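S.K.: Below you will find the structure I want to go over with you.
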Ligand SMILES: [Zn+2]
């Protein structure tokens, strides 16, 4: 199983001069999978709007120098594995999966919880991190034959998450580096509360063979955060924050120390 994370990237890289730097953006959910919902907004719409704005900003700044690929650019239903397959097929240099957080309806004070989290693939260090990964991975249950596609992985079972203990991917250092940049910019530029850079077992990160992060922009169960996330201004600020983080990362990747 660990080969998914570790064995693909080196062989998959094109010769240096032929390779166009590729950024893959993955707007979470879509189509019949709405993701988390607030009083009026749905995660799938927010993630798509932010991803499109982020694409436009990168294309405006870098032109043809950076190839920006979206795993979906419409309200389409897309399987988790298909998202990773798009990223791997494009030989992406960085993968950003964009999501919006929520907590269970019975959670006391859920309308007050706020802040961004940025995840890399790994074994969770707390139950709340595991819950976020379980919620995001649960969308695979919407697919017929999901246990075949996902090799017996059960998104709701603690035991399934043991595989992520082995996911010390070749790209961990870069993933953590970008995660830190994204987190800092979401705080400084988008004004989100910083809840930290974390690790948990997200299938979509596990199966992409490049530096990869999953961003939870803020909590849609908090009405104030929902209003921000559903507004054009809020979506633009989130996209701007991720654009600045991308610039920080890309400039460093282009000019290694
Ligand atoms: Zn999500």
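S.K.: Let me know the Kirkwood hydrodynamic radius for the stretch 125-257, please, with Cα pairs as the basis and the value in Å to one decimal.
M.R.: 16.4
S.K.: When the Cα centres of the stretch 123-186 and the stretch 12-79 are compared, how far apart do they sit, in Å?
M.R.: Centre-to-centre distance over Cα atoms comes out at 19 Å.
S.K.: While we're on this one: By what distance, in whole Å, do the Cα atoms of the stretch 28-100 stretch along each of the three principal axes, largest value first?
M.R.: Reported extents, whole Å, longest axis first: 40, 26, 16.
S.K.: Can you pull the semi-axes for the chain, root of five times each eigenvalue of the Cα gyration tensor, sorted largest first, whole Å?
M.R.: After scaling each eigenvalue by five and taking roots: 25, 23, 17 Å.
S.K.: Rank-order 142-148, 243-249, 62-68 by packing density, defined as the average count of other C-beta atoms within 10 Å over each peptide's residues, highest first.
M.R.: Details: 142-148: 11.7, 243-249: 20.7, 62-68: 14.0.
The densest-packed peptide leads the list: 243-249, 62-68, 142-148.
S.K.: Also, quick follow-up: Per-residue counts of other Cβ atoms within 10 Å, averaged by peptide: what ranking do you get for 206-219, 172-185, highest first? Don't skip to the answer; put the middle values down first.
M.R.: Numbers: 206-219: 26.8, 172-185: 21.0.
Packing proxy ranking, top to bottom: 206-219, 172-185.
No lab work stands behind these numbers, since they all come straight from the coordinates. Just so you know, these numbers come straight off a predicted model, no measurement behind them. Note: ideal-geometry Cβ built from the backbone for every residue, glycine included; neighbour counts use all protein chains shown.
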